[in-house]
Amino acid sequence: MNFPSIENIRSSFLHGPAVYKLGSNPSRDRVRNVRKKVLGNLQDQTCLISGADGSFGFVVQTDNMWREKQLSLLGIDEDDAAAVEAAVIPPKPNPVNPGELVVGEWSHIEFVRQEKRYNTLRENFLWLRNIEKAVNLDLKVAIPAELISDLMNDDGDIQSRPLQILDFLETRYNQMQPKDIKEIMDEFNKSFDDTITSSQYFARQQSCRTKLKHTNESIRTATAVRTCLGHFQAVAYLGKACDDWDDEVRLLADPATWTQFKTHFTKCFLQYHNKQETLKDAGIANVALTEDDVSSIITSQLSLQDGHLSAAFAEKEAQIQALSAQVDELSNSRSSPKQLSPSPSTTTDQSAMAAVLANMNKKIDSLSNGTGGDGKGKKKRTRTKRRYQNDNYCWTHGCDLSESHTSKNCNYRREGHVEDATLRDRKGGSSKWISLVLPDEET
Ligand SMILES: [Zn+2]
């Protein structure tokens with residue numbers, strides 16, 4: 001038998017309970033932290049028991065945790081309902097005491113085989129039991145007796161296995177209260193701005209979803225995507241990224257997964273920041289938007305209104321023109337010769353310009369909603385005018401595409417995508433926006 005002793009497990013595996021020690025009135029976070037720490041320790045331990053996923057994590061994993069781990073090991077996205085449904089999740093291992101080896105009328109060879117099998121079962125069982133005893137001893141140090149006195153006998157010994165102790169602790173002391181849920185939802189609904197990076201933003205949103213998972217208030221993927229898209233739509237430089245999401249990426253997987261959403265926007269953030277770096281290299285420091293960006297944002301936002309010029313819009317047009325004039329003025333002052341080199345005033349002009357633009361976008365948005373609201377309940381955007389003057393065609397996405405987007409180099413292909421499909425020879429591909437690019441053609 002060569003598995004570690006209880007003392008050996010405690011000193012070398014568990015790294016001491018001091019880090020997750022609870023006070024007599026622990027917060028929910030502290031209570032959750034106990035399982036997290038113990039699990040972390042056990043997941044570092046190689047486990048050869050058949051049916052385990054290679055570590056002793058199963059000792060303290062709930063059924064939900066075990067299931068999620070297996071799905072991720074199988075490479076299955078939790079949002080992919082069909083794949084989750086079809087997945088075969090192995091049960092959690094539960095080594096039992098094999099008792100005595102009962103010898104049958106075996107040949108010598110058969111005896112050797114049976115004995116080996118029996119020894120493995122027994123060793124696995126004893127090893128697991130040592131692990132559980134070691135974890136229990138640590139839990140007893142970490143958790144004040146009064147919190148788990150219901151699990152102790154008269155001598156103060158804990159009668160339960162680690163999983164039961166942790167479940168008990170969480171059921172009794174980790175229940176989510178309405179005010180906890182509200183706090184998490186407030187955090188989740190907080191808008192995105194430049195005080196945090198995109199990865200900090202996604203980490204924040206993810207952690208809110210994780211906290212509410214397996215509660216009645218869990219945030220479904222569709223809700224998460226809608227909320228975050230709303231946050232991004234309020235950021236001027238993400239306008240195109242949001243359009244691309246609506247027009248291209250989302251089409252491929254309906255409903256889209258959270259991973260797809262994060263991947264798409266993370267890519268867009270990266271592109272934006274690379275562009276900023278390039279501008280900086282070119283000596284235009286702190287410029288949040290180029291003039292081209294400004295005019296393309298204005299043009300694309302205004303083009304949404306084509307054909308729908310409502311009375312309300314006409315009324316507001318003067319206001320928008322005034323704002324445009326302000327933008328022009330700011331742009332002009334910025335490109336006047338004496339300020340060509342980076343100067344402190346660039347920053348001021350720039351933030352002023354960004355403020356004007358943000359304001360303007362808000363106005364235009366409220367016009368396109370026809371409600372003056374905050375963009376909630378936004379309808380799917382339709383395109384009534386070409387955005388791009390080229391003949392690019394993509395089998396998956398149709399036409400009126402950005403310069404770099406064709407059938408050949410499409411990044412988000414629908415199944416059956418044909419690489420050499422072109423505008424004139426679409427090979428059964430999408431006819432999206434064809435009427436804008438080839439107005440005479442029947443679609
Ligand atoms: Zn495409």
Checklist entry - Which shape class, rounded, prolate or oblate, goes with segment 6-173 when its Cα gyration tensor gives a ≥ b ≥ c as root eigenvalues, a/c under 1.5 marks rounded, and past that a/b bigger than b/c marks prolate? => result oblate
Checklist outcome for this item: segment 1-79 and segment 172-229 have their Cα centres apart by a whole-number Å value of 25
Checklist entry - What is the distance, in nm, between label points placed 7 Å from the Cα along the Cα-to-Cβ direction at K190 and at D63? => result 3.6
Next on the checklist: I'd like to compare 147-153, 194-200: which one has the highest average count of other Cβ atoms within 10 Å, and what's the full order after that?
Outcome noted: 147-153, 194-200
Next on the checklist: If you take every residue apart from H405 with its C-beta less than 11 Å away from the C-beta of H405, what net charge results, scoring Lys and Arg +1 and Asp and Glu -1?
Outcome noted: -4
Next on the checklist: Which of the three applies to segment 91-158, rounded, prolate or oblate, going by the alpha-carbon gyration tensor with a ≥ b ≥ c and a/c under 1.5 meaning rounded?
Outcome noted: prolate
Checklist entry - What distance in nm separates the simple spin-label points at S199 and T120, each placed 7 Å from Cα in the Cβ direction? => result 4.2
Checklist entry - By the scheme Lys and Arg +1, Asp and Glu -1, what is the net charge of all other residues having a beta-carbon under 14 Å from that of E85? => result -3
Checklist outcome for this item: A chain fully extended from E415 to T257 at 0.36 nm per residue, minus the present Cα-Cα distance, gains in nm 55.2 nm
Item to check | Cut-off under 5 Å, modelled amide H: who pairs with Y393 long-range | outcome: S407, L423
Checklist outcome for this item: Ordering 389-402, 268-281, 66-79 by per-residue average of other C-beta atoms within 10 angstrom, highest first, gives 389-402, 66-79, 268-281
Checklist outcome for this item: When V38, V19 are ranked with the fewest other C-beta atoms within 10 Å first, the list becomes V19, V38
Checklist outcome for this item: Using alpha-carbon positions, the gyration tensor of segment 386-443 gives root eigenvalues a ≥ b ≥ c; with a/c under 1.5 called rounded, otherwise prolate if a/b exceeds b/c, else oblate, the class is oblate
Checklist entry - With charges only on Cβ, +1 for K and R and -1 for D and E, what is the dipole size of segment 6-173 about its Cα centre, in debye, rounded to 20? => result 460
Checklist outcome for this item: Simple spin-label estimate for S72/R30, 7 Å along Cα→Cβ, in nm, reads 2.7
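We did not get these values from a lab; they are worked out from the coordinates using the rules stated. In this text the structure is predicted, and so the values were computed from the model without any measurement. Virtual Cβ from ideal backbone geometry, glycine too; neighbours counted across all protein chains shown.
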